[in-house]
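The values are calculated or read from the model by the stated rules, or taken from the named source; none is laboratory data. Since the structure is predicted, the reported quantities are computational estimates derived from the model, not experimental observations. Cβ placement follows ideal geometry from the backbone for every residue including glycine, while neighbour counts extend to all protein chains displayed. Side chains are part of the model used for accessible areas, which takes the heavy atoms of the whole protein and leaves out ligands, DNA and RNA. Shrake-Rupley method; radii C 1.70, N 1.55, O 1.52, S 1.80 Å.
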Amino acid sequence: MAKEKAAAAKAEEKKLDSFQDWAHRWGRFGTVIALIYMIALPFIVLVTYDCVPSFGEVINIGTISILMIYIPVGISEAISYTPMLGASSYLTFITGNIMNLKLPCAVNAMKLAKKEPNTPAGEAVASVGVAVCSIVTVVILALAALLSTWISPVFELPAVKTASNYLIPALFGSLTLGLFSSTSSGRKVVKNGIVGVIPVLIIVTALALVVRISSGGSLFGMVGFLIIGMLPIAIIFSRIMWKKGVIKVVDKEEAPAEES
């Protein structure tokens, strides 16, 4: 009887779609190859030119301070972006520029194709979006390098310098408005979902004010730690509000048209 139940459970076990299985297999392989290249190339250059630094020159206060910033950021990005990107995460993390290029392209591609994240079709569309974004980025950078002599004076114009200071805030602002303007989440509609973000906004704002007033600095060095810390706070607070009925999750078909 126990063997029959085990066999039935094994038969009912959900398997990855053929595309997802292929993407994860080659994504892991590509990630390993990329890591080998990233680590090996600097050593090859250093050995070739006989300028290998000592251990003390590599691991020092400056290196540790940089690692304290980027290790939490890397961990927090993997935790927060992977559920949205799915199998396209491999290509996304290898090519970089996630928040300002790859993630918006992947999300917009799924939205235009009307596909959901964490589905074979959605991950396929996201992978195509990230791949096209990477190709376009390389082409633009190559053209910029070739035409740098002619286009460099444009970037020295006061108007262009002023506009460039607002590129990142405009990008994050548009992404935030896009997230807050829709209550749709796949086949579900989340009512009052913004309530779960309120404690995060309050804590981050308070910390920013404390840091600004006390030392005149910024929260850049704490970004990774803040993301890792704020994720469980938002999840726990949202669950409490969901249990109390403040936040509601209903099927999209049951929600009014204006809320979907």
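Modelled label positions at Ala163 and Trp26, each set 7 Å beyond Cα in the direction of Cβ, lie 3.8 nm from each other.
For the range 74-122, the relative contact order is 38 percent, taking Cα pairs closer than 8 Å that sit 6 or more residues apart in sequence and dividing their mean separation by the residue count. Ligands, DNA and RNA left out, the 1.4 Å accessible surface of the range 21-76 is 79% carbon and sulfur atoms.
Between Tyr37 and Ile64, the modelled labels are 3.4 nm apart [label points 7 Å from Cα along Cα→Cβ].
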